[in-house]
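S.K.: Have a look at this one before I ask anything.
The values are calculated or read from the model by the stated rules, or taken from the named source; none is laboratory data. The structure presented is a predicted model; accordingly, all values stated were derived computationally and were not measured. Every residue, glycine as well, gets a Cβ built from its backbone with ideal geometry; the counts of neighbours run over all protein chains shown. Heavy atoms of the whole protein, side chains included, go into the accessibility calculation; ligands, DNA and RNA do not. Shrake-Rupley method; radii C 1.70, N 1.55, O 1.52, S 1.80 Å.
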Amino acid sequence: MSLDDNSLQMFQFIKRDALDSINIDPLQTGGKLTDAAKDALLEWGDGYSVCDYCGGVLDLIKKPPIEEFVHKMLPEFLGVGAARVTNGARESKFAIYHSLAMASGQSGPKSGYVVMDSLAHYSSKVAAERAGLDIVFTKPAEKPDYLIRPHDFLDAIEAGISEKGKKPLAVQITYPDGNYGNLANVLEISKIAHEYEIPVLLNGAYSVGRMPVNAKQLGVDFIVGSGHKSMAACGPVGVMGIVDADSDYAKNLFQKSKYNKVKEVELLGCTSRGAPIMTLMASFPEIVRRTKPENWEKEVENARYFIKRLEDTGKFILYGQKPHQHDLIFFEAPGFYSISEKIKKGRYFLYQELKEKKIHGIKPGLTKNFKISTFGVGKENLKYVADTFEEILKKYDEI
Ligand SMILES: *Cc1c(COP(=O)(O)O)cnc(C)c1O
């Protein structure tokens, strides 16, 4: 293989199967573009497209209305005093952890640490590691509900203090966790952390943009979200907010460069620039609409309908909170597993059956356990997916 014209042909007409299917992939349901975002993607797809009228600070650009978005609408939406757009939830977490580590003088291997729930996403772990911080986790969450209780955070904070002789620099809550869609009692956990004067970071990668989330009302100090996960943006793009914009935490997080007085250090001067931020803004009206309580309630209702349909077959076991509070759903599927054991195609049969029925989102090879998301799929389509699951079980004599 070389860079000749013939080889380069392979990049032409790249097509994507998933586009004409019902999508239940948890990574993808909340990041599907709105029509407005699709238009924005074409219009603003050129590199550095938003920089036409930039006076040196990306988030102060007036046309397109980035300043209005970042400094007025986004803070209101997140329930914070100040917000920024970043390149992703993980970049938001890294910026926060790094600013905490630097300000406390505890950056560097093993010097400072943070406390996280045992279900924390890998990106939270590497964000802390990259900031030179160690991690103390809450005790492992257990089958079948995998709940994380406020008390677990209390225990982890105490364990951290006795092991390391100092408080953690922050407590992070994954809301919901990325496997079971469990929503922890954030208010209670924040209260516990604040008794130790430890700031709380809410990882809302699966909530900000899907459901009502207000950092101030939840009692946390920092919040992060993911544009491509849950805000109908092409990404990579994320959001980050801090409740108290006058705090020392904010001063450190938004500290400006001594070499270039307008550029913020933790943001590396500028973050999302181009189509990612423009699709985020183009979808924002829809994001505000879909996160209204009455719309989110419908999503939860749909998730529960789907869970019930599957549970009624006797061949699916829900893990996680019951009644379920979120569209992210983890199943054990003994019926599908038993089919994979007895047929020649083995564990790839499910992916192939679903592909034929134009249902996308369960990874090829998975049968025994998988997670799916019902977000934005709609009751009609969910009925079709549940019917299809049932038909597959019947076809192979499992029910
Ligand atoms: C997807 C996910 C992330 C990562 O989001 P990015 O915006 O891609 O960095 C972080 N946390 C959780 C819980 C996630 O599910």
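S.K.: For the range 194-214, give me the residue count where each residue is closer than 20 Å to N295 by Cβ and either aliphatic (A, V, I, L, M) or open to solvent by 10 Å² or more (accessible area, probe 1.4 Å) (or both).
M.R.: Selection size over the range 194-214: 7.
S.K.: Right, here's the next one. Starting from residues that are among the acidic types (D, E) and either part of a loop (DSSP other than H, G, I, E, B) or more than 20 Å from K379 (Cα to Cα) (or both), keep the ones in the range 8-34 and report whichever is nearest to the chain's Cα centre (by Cα).
M.R.: Going through the qualifying residues, I end up with D25.
S.K.: Please count how many residues of the range 226-246 are assigned to a loop (DSSP other than H, G, I, E, B) and open to solvent by 20 Å² or more (accessible area, probe 1.4 Å). Please lay out each step first, then the result.
M.R.: Going through the range 226-246, the residues assigned to a loop (DSSP other than H, G, I, E, B) turn out to be 231-237, 243-246.
So of that shortlist, the ones also open to solvent by 20 Å² or more (accessible area, probe 1.4 Å) come out as 234, 236, 243-246.
Count: 6.
S.K.: (1) within 16 Å of the ligand (Cβ to nearest atom); (2) open to solvent by less than 30 Å² (accessible area, probe 1.4 Å); (3) not assigned by TED's automatic domain parsing to the domain that holds Q172: which one isn't true of L27, the others all being true?
M.R.: The single condition L27 does not satisfy is (2).
S.K.: Six or more apart or on different chains, Cβ atoms under 8 Å: show the pairs whose first residue is in the range 320-340 and in contact (Cβ under 8 Å) with a residue 12 or more places away in the chain and in a helix (DSSP H, G or I) and whose second is open to solvent by 20 Å² or more (accessible area, probe 1.4 Å) and among the aliphatic types (A, V, I, L, M).
M.R.: Filtered contacts from the range 320-340: P334/I317; G335/I399.
S.K.: Somewhere in the range 124-141, is a residue more than 13 Å from the ligand (Cβ to nearest atom), in the same structural domain as E76 (by TED's automatic domain parsing), of a type in the set (A, V, I, L, M) and surrounded by fewer than 17 Cβ atoms within 10 Å (Cβ to Cβ)?
M.R.: No: zero hits.
S.K.: Which condition number in (1) in a helix (DSSP H, G or I); (2) at pLDDT 95 or above; (3) surrounded by 14 or more Cβ atoms within 10 Å (Cβ to Cβ) is the one that R347 fails?
M.R.: Going through (1) in a helix (DSSP H, G or I); (2) at pLDDT 95 or above; (3) surrounded by 14 or more Cβ atoms within 10 Å (Cβ to Cβ) one by one, R347 breaks only (2).
S.K.: Filter the range 127-150 for residues that are of a type outside the set (D, E, K, R) and touching a helix residue (DSSP H, G or I) at 6+ places or on another chain (Cβ under 7 Å) and give the result.
M.R.: A127, A128, A131, G132, L133, I135, V136, F137, T138, P150
S.K.: Output the number of residues of the range 151-160 satisfying the condition of being touching a helix residue (DSSP H, G or I) at 6+ places or on another chain (Cβ under 8 Å) and open to solvent by less than 30 Å² (accessible area, probe 1.4 Å).
M.R.: Step one: of the range 151-160, the residues touching a helix residue (DSSP H, G or I) at 6+ places or on another chain (Cβ under 8 Å) are 153-154, 157.
Subset that is open to solvent by less than 30 Å² (accessible area, probe 1.4 Å): 153, 157.
Here the count works out to 2.
S.K.: A further question follows. Among (1) among the aliphatic types (A, V, I, L, M); (2) outside any helix (DSSP H, G or I); (3) within 22 Å of F94 (Cβ to Cβ), which single condition is A193 missing?
M.R.: Of everything listed in (1) among the aliphatic types (A, V, I, L, M); (2) outside any helix (DSSP H, G or I); (3) within 22 Å of F94 (Cβ to Cβ), A193 misses just condition (2).
S.K.: When the residues of the range 263-292 are narrowed to those that are basic (K, R) and not in a loop (DSSP other than H, G, I, E, B), which ends up most open to solvent (accessible area, probe 1.4 Å)?
M.R.: R289
S.K.: Separate question: Quick one: would you say G79 is more than 16 Å from the ligand (Cβ to nearest atom), over 30 Å from V262 (Cβ atoms) and open to solvent by less than 30 Å² (accessible area, probe 1.4 Å)?
M.R.: no
S.K.: I'm trying to understand the selection: among the residues of the range 371-398, which are hydrophobic (A, V, I, L, M, F, W, C) and not in a helix (DSSP H, G or I)?
M.R.: Correct list: I372, F375, V377.
S.K.: Between residues in the range 84-103 that are within 17 Å of C234 (Cα to Cα) and residues that are more than 13 Å from the ligand (Cβ to nearest atom) and part of a helix (DSSP H, G or I), which pairs lie under 7 Å by C-beta distance while being six or more apart or on different chains?
M.R.: V85/D59; V85/V70; V85/I277
S.K.: Now for a separate question. Go through the range 160-190 and report how many residues are within 23 Å of the chain's Cα centre (by Cα), more than 16 Å from the ligand (Cβ to nearest atom) and part of a loop (DSSP other than H, G, I, E, B).
M.R.: 2
S.K.: Return the residue satisfying two criteria in turn: it lies in the range 221-254 and is in contact with a Ser or Thr (Cβ under 7 Å, 6 or more places away or on another chain) and more than 27 Å from P26 (Cβ to Cβ), and of such residues it is nearest to the ligand (Cβ to nearest atom).
M.R.: L253
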